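Written out below as structure tokens is the structure these notes cover.
The values are calculated or read from the model by the stated rules, or taken from the named source; none is laboratory data. No experiment lies behind these values; they were computed from the predicted model shown. Every residue, glycine as well, gets a Cβ built from its backbone with ideal geometry; the counts of neighbours run over all protein chains shown.
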Amino acid sequence: MTISSLGLTDIDQQVLQVASKILAEENCRFMLSNNCDASVNIVIIDHDHLQSHDFLTQVNNEQITILYTNEDIKRKNLVALQKPVRVNTLKDVLLKAYLHLRAQQQYTNKARTSEENAAGNSMTSTANTENLFHLLLKTKQNRECLRINYPEQITLLINAVDRAAATNMDSANLHKLFDYPLENCDNHNISPETFNQQDPSFKLHTLDNLLWLAALHLSSGELLPGHCTDTPVRLKAWPNFTRQGFKPVYFKLATMLARKSMSLCELAEQTKTSITDVINFYNAAFAIDLIETNNAVSNMPKRKTMKNTNKSTLLDMLAKRLRIG
């Protein structure tokens, strides 16, 4: 994604460079254009510049405009920042802009693929627009049973009714199931009876364990469709961290989300964690039913319960140790 600017002072340019460098370490990369180009993804304008009005008229409402101003100006996809703009303030705005534009691109690409499929330009297959994680999650949500045939005579069986999986891939190499593009595999629905008639050599796994691994391996910082980084969420149960794919940072994220509801952007900021790790963890936790949105929490009937002081104390101790309290 490209950022163009107009009228920024030398200090403002340095702030922009530092903010973009921090985000690059979180796999959110921007290209800073030296030209005043109003056609790029994000434009940053100092409203006090003589050409700011003319430049603003060239920017369409689908682009992200960041306006440095002390006036109250509102427009679609325009963010007004009071001067002087600090690194953390700009970084947070650029992060939200990056996630918004990337989600927009994904939606456009998915719509284009659907149109091509409808026109008969390719075989109708959901596997062409998703990875194994998306397929497994959809299978679980629809309570279906599925057989996936991989190259090299590898097979994966899914029984979402019993939340079970079976494969002839040995457990030590289970992660290799995520390396195959789904378009190179054949998948079709099967019955629960067919799942139960699997070859005795197949290894049994829980579907949740497979979903957890798939989310961590395949999310790559891409938030699940329909989800938002600005929505407050919380962890309603503690993850099983004995699963493969564990990172110490996930323990920190779980501790914070178990204590209180917050958005993913706030979680990344408060735990000093890359947004990629936050989204990967969130996708995995959501897939195995550990996430509760703020709306769900507020709509639950209130009950008078005794406060579990031991649990609260434990989480407080963990938070202090991780320096996130």
* To do: Determine if segment 70-78 includes at least one residue that is part of a strand (DSSP E or B), out of contact with any Ser or Thr (no Cβ under 9 Å at 6 or more places or on another chain), more than 24 Å from LYS272 (Cα to Cα) and outside the structural domain of THR229 (by TED's automatic domain parsing).
  => no
* Asked: Looking at PRO239, is it outside the structural domain of LEU132 (by TED's automatic domain parsing) and exposed (fewer than 13 other Cβ atoms within 10 Å of the Cβ)?
  -> no
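Each row is one residue, and each column tells you yes or no for (1) touching a strand residue (DSSP E or B) at 6+ places or on another chain (Cβ under 9 Å); (2) among the hydrophobic types (A, V, I, L, M, F, W, C); (3) at pLDDT 90 or above.
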| position | (1), (2), (3) |
| --- | --- |
| PRO225 | no, no, no |
| THR229 | no, no, no |
| PRO239 | no, no, no |
| LEU264 | yes, yes, yes |
| LYS272 | no, no, no |
| VAL278 | no, yes, yes |
* Scope segment 41-68; condition more than 12 Å from GLY7 (Cα to Cα) and not hydrophobic (A, V, I, L, M, F, W, C); matching residues -> ASN41, ASP54, THR57, GLN58, ASN60, ASN61, GLU62, GLN63, THR65
* Considering only segment 147-163, how many residues are buried (at least 21 other Cβ atoms within 10 Å of the Cβ) and within 18 Å of PRO200 (Cα to Cα)? -> 5
* Structure fact -> Restricted to segment 1-37 and to residues being assigned to a loop (DSSP other than H, G, I, E, B) and in contact with a Phe, Trp or Tyr (Cβ under 6 Å, 6 or more places away or on another chain), the residue nearest to VAL93 (Cα to Cα) is CYS28
* To do: Output yes when any residue across segment 171-193 is in contact with a Leu (Cβ under 8 Å, 6 or more places away or on another chain), modelled with pLDDT of 90 or more and among the hydrophobic types (A, V, I, L, M, F, W, C), and no when none is.
  => yes
* Could you tell me which residue of segment 269-292 is nearest to SER20 (Cα to Cα), considering only residues that are in contact with a Pro (Cβ under 9 Å, 6 or more places away or on another chain) and assigned to a helix (DSSP H, G or I)? => PHE281
* Asked: What strands (runs of 3 or more DSSP E), lying completely within segment 140-241, carry at least 2 residues that are touching a residue at least 12 places away in the same chain (Cβ under 8 Å) and over 30 Å from LEU23 (Cβ atoms)?
  -> 145-149, 155-159, 164-167, 186-189, 203-206
* Residue check, PHE246 among the aromatic types (Phe, Trp, Tyr), modelled with pLDDT of 90 or more and either part of a loop (DSSP other than H, G, I, E, B) or not assigned by TED's automatic domain parsing to the domain that holds TRP212 (or both) -> no
* With the checklist (1) of a type outside the set (Gly, Ala, Ser); (2) exposed (fewer than 14 other Cβ atoms within 10 Å of the Cβ); (3) not assigned by TED's automatic domain parsing to the domain that holds THR255 in hand, flag the one item ASP230 doesn't pass. => (3)
